[in-house]
């Protein structure tokens, strides 16, 4: 089976596994660009896809919403599939946001009361 524009596939790898998608562009070698209702538009290895015999009509370089609309029109997905992220999807928190959260936590912490003990005086010895 040829992987051409409009071919319906199922992702088999990654956090978007078991989600339907559409090939929207051919890339070099074993790669294609895919998009779908719960699949981000990105370059994907053909070996990470299960190619289905169905096709839909989408233009080259179609967006995620256009691919989802084509799948919905063909009856391959329902309206329930359009909403939300894939099950088990846990986005990573970028390092910049982690550092920002730490700074906010430090600012909210109450400063400790400073000890106000007098410093001991230095003893001076004088030789006469």
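FYI, it's all coordinate maths here, none of it is from the lab. Note that the coordinates shown come from a computational prediction; the quantities given were computed from them, not determined experimentally. Methodologically, a virtual Cβ is constructed for each residue, glycine included, from the backbone with ideal geometry; neighbour enumeration extends over all protein chains shown.
General remarks:
- If you wrap segment 4-59 in the convex hull of its Cα atoms and look at it from every side, the mean projected area works out to 3.4 nm².
- Per-peptide average of other Cβ atoms within 10 Å, ordering 30-40, 54-64 highest first: 30-40, 54-64
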